[in-house]
Amino acid sequence: MQSLSDNEIWASFRQGDRMAFTWIYNRNIKDLLRYGYRVSTNQQLVKDSIHDLFLHLWLHRENLSNTDNIRFYLYRSLRNKIVHNSKELYPVTLPDVEQILDKVFSDLPLEHAIIEQEDSEEQIRVLRKAIDRLPKRQQEVIQLRYFHDFSLEEIASVMQINNQSVRNLIHRSISQLKEFVELAGWLLLLVSNHINKF
């Protein structure tokens, strides 16, 4: 399957290929869980929404639209499921931020660079606490951009906001992080440089 394009894998799945469906699930489930826990702190809600999403995909596969980016399709669909299910099935719960951050930070690209520096554990702890203080939507946009490398357009579509709002959220998040923590200058410079590539 790895040699096939997303278009080809998705087409096989839509034609009822169980191996293609299994490959899509296995390839994306961990990232979907991590992303889902950023959208909602209710773990059961996230798991149920992922279950609902894949059940819906299989049952309605013949009517699904084509996609050349399966991961993006799944993220957008999962976010919609979580929002829908949270309104109908689950009460609002207080966030367990530390648990969310533990899951998300396991894939943080900058973490490998930080680990190589002295006092890396303290820096990671401070960074986690800083992100913990960000509003929920800022945490989500940071995850989509830095943990999953989505473009501005993709983030806008997933979060159902316009590109300028995405830009504003990211810049506001970085500004707040700078206020919350005093990380090594190279780390903030690295993040800022990444932002300026938009």
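For residue 87, the conditions (1) at pLDDT 90 or above; (2) exposed (fewer than 13 other Cβ atoms within 10 Å of the Cβ); (3) basic (Lys, Arg) all hold with the exception of (1). Pull up the range 33-56, narrow it to residues that are at pLDDT below 90, of a type in the set (S, T, N, Q) and open to solvent by less than 30 Å² (accessible area, probe 1.4 Å), then point me to the one that is farthest from residue 145 (Cα to Cα). Only one residue fits best here, namely 42.
Counting only residues that are over 16 Å from residue 38 (Cα atoms), at pLDDT 80 or above and assigned to a helix (DSSP H, G or I), which one in the range 116-155 is least open to solvent (accessible area, probe 1.4 Å)? Among residues in the range 116-155 that are over 16 Å from residue 38 (Cα atoms), at pLDDT 80 or above and assigned to a helix (DSSP H, G or I), the one least open to solvent (accessible area, probe 1.4 Å) is 152.
Considering each residue of the range 156-183, count those that are surrounded by 15 or more Cβ atoms within 10 Å (Cβ to Cβ), assigned to a loop (DSSP other than H, G, I, E, B) and in contact with a helix residue (DSSP H, G or I) (Cβ under 7 Å, 6 or more places away or on another chain), and give that number. Break it down stepwise before answering.
Taking the range 156-183 as the starting set, the residues that turn out to be surrounded by 15 or more Cβ atoms within 10 Å (Cβ to Cβ) are 156-159, 161, 165-167, 169-170, 172-174, 176-177, 180-181, 183.
Pick out the ones that are also assigned to a loop (DSSP other than H, G, I, E, B) and you get 161, 181, 183.
Imposing the further condition that a residue be in contact with a helix residue (DSSP H, G or I) (Cβ under 7 Å, 6 or more places away or on another chain) reduces the set to 181, 183.
The qualifying residues number 2.
A residue that is in contact with a helix residue (DSSP H, G or I) (Cβ under 6 Å, 6 or more places away or on another chain), farther than 26 Å from residue 152 by Cα and surrounded by 13 or more Cβ atoms within 10 Å (Cβ to Cβ) can be found somewhere in the range 15-32. Provide a single number: the residues in the range 49-83 that are in contact with a Gly (Cβ under 9 Å, 6 or more places away or on another chain), among the aliphatic types (A, V, I, L, M) and within 17 Å of residue 21 (Cβ to Cβ). The total comes to 2.
Among the residues of the range 10-46, count how many are basic (Lys, Arg) and either under 23 Å from residue 82 (Cα atoms) or under 12 Å from the mean Cα position of the chain (by Cα) (or both).
Total satisfying the criteria: 4.
Applying the selection to the range 1-14, what residues are open to solvent by 50 Å² or more (accessible area, probe 1.4 Å), in contact (Cβ under 8 Å) with a residue 12 or more places away in the chain and of a type in the set (A, V, I, L, M, F, W, C)? Across the range 1-14, the qualifying residue is only 1.
The values are calculated or read from the model by the stated rules, or taken from the named source; none is laboratory data. Note that the structure is a prediction, hence the values are computed from the model and not measured. Glycine gets a Cβ as well: all are built from the backbone with ideal geometry, and neighbour counts include every protein chain shown. With ligands, DNA and RNA removed, areas are computed over all heavy atoms of the protein, side chains included. Shrake-Rupley method; radii C 1.70, N 1.55, O 1.52, S 1.80 Å.
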